[in-house]
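Here the structure comes first, spelled out in structure tokens, and everything after it is commentary.
Since every read-out is calculated from the coordinates, none of them should be taken as a lab result. No experiment lies behind these values; they were computed from the predicted model shown. Here the Cβ is made from the backbone with ideal geometry for all residues, glycine too, and neighbour counts use every protein chain on show.
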Amino acid sequence: MKMADNIRLTGIERFIEGDEIIVTKTDLKGKLTYANDVFRRISHVSEAECLGQPHSLIRHPDMPRCIFQMLWDHLQNGQEIFAYVVNRALNGDHYWVHAHVTPSFDESGQIIGYHSNRRLANKETLTNTIIPLYKKLLQEEQRHANRKDGMKASLQMIQDMLSEQGVEYDEFICNLSNQSMTAPTYEPVAKTANG
Ligand SMILES: Cc1cc2nc3c(=O)[nH]c(=O)nc-3n(C[C@H](O)[C@H](O)[C@H](O)COP(=O)(O)O)c2cc1C
């Protein structure tokens, strides 16, 4: 079964406590080898249901393919990556995360698996930047009958956007998360006519 085809979505967004971290580890193919209790709770899965399964178990259909392509390109090159991801819990709820994904190495420097630590994503960053961007990327992917062509086009689209802004992907994401840490969380008080 292709995950994106017949999956259930409730439209209900789920959250974790501020200091909790959603952690998973995978083997070289992206099959889950570890999932912490926070991951299992928010994803609505038991250990038995998720260990040994591909990480795409919780893939949400709103995620553009090109983001995962960039994730795998970084990881297989031995590089870490930060990414905003929306995941689908198995009951159809969803949650947005800011993920930090890294390769794990053995003593000889060989990659032996991958590791993801995720915190909840900042709401303003999602609303102002990530959700509209992912929508455009996904639309571009869906315009093409062929998956490969779609992903090539969406990768080009994000590359063009980054070049326009004069930044690399890593810098773009880093700037977004820095902004969200310094951005005020309150609404500025509107000034009245007499100040
Ligand atoms: C350590 C690690 C963590 C990952 N975390 C997620 C995740 O939280 N959600 C997700 O959809 N894919 C995640 N992926 C990517 C999946 O392996 C997969 O590429 C993605 O779900 C797209 O699947 P598809 O190509 O079958 O559409 C992760 C991969 C690795 C290596």
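A few notes on this one:
- Qualifying positions in segment 41-66 - assigned to a helix (DSSP H, G or I) and near the ligand (Cβ under 9 Å from one of its atoms): SER43, HIS55, SER56, LEU57, ILE58, ARG65
- Residue within segment 85-98 that is within 14 Å of the ligand (Cβ to nearest atom), touching a residue at least 40 places away in the same chain (Cβ under 8 Å), of a type in the set (S, T, N, Q) and more than 16 Å from PHE172 (Cβ to Cβ) present: yes
- Within segment 85-139, being of a type in the set (Ser, Thr, Tyr), surrounded by fewer than 19 Cβ atoms within 10 Å (Cβ to Cβ) and part of a helix (DSSP H, G or I) holds for THR127, THR129.
- Count of segment 5-40 residues, restricted to those that are more than 10 Å from the ligand (Cβ to nearest atom), touching a strand residue (DSSP E or B) at 6+ places or on another chain (Cβ under 7 Å) and on the phi > 0 side of the Ramachandran plot, is 0.
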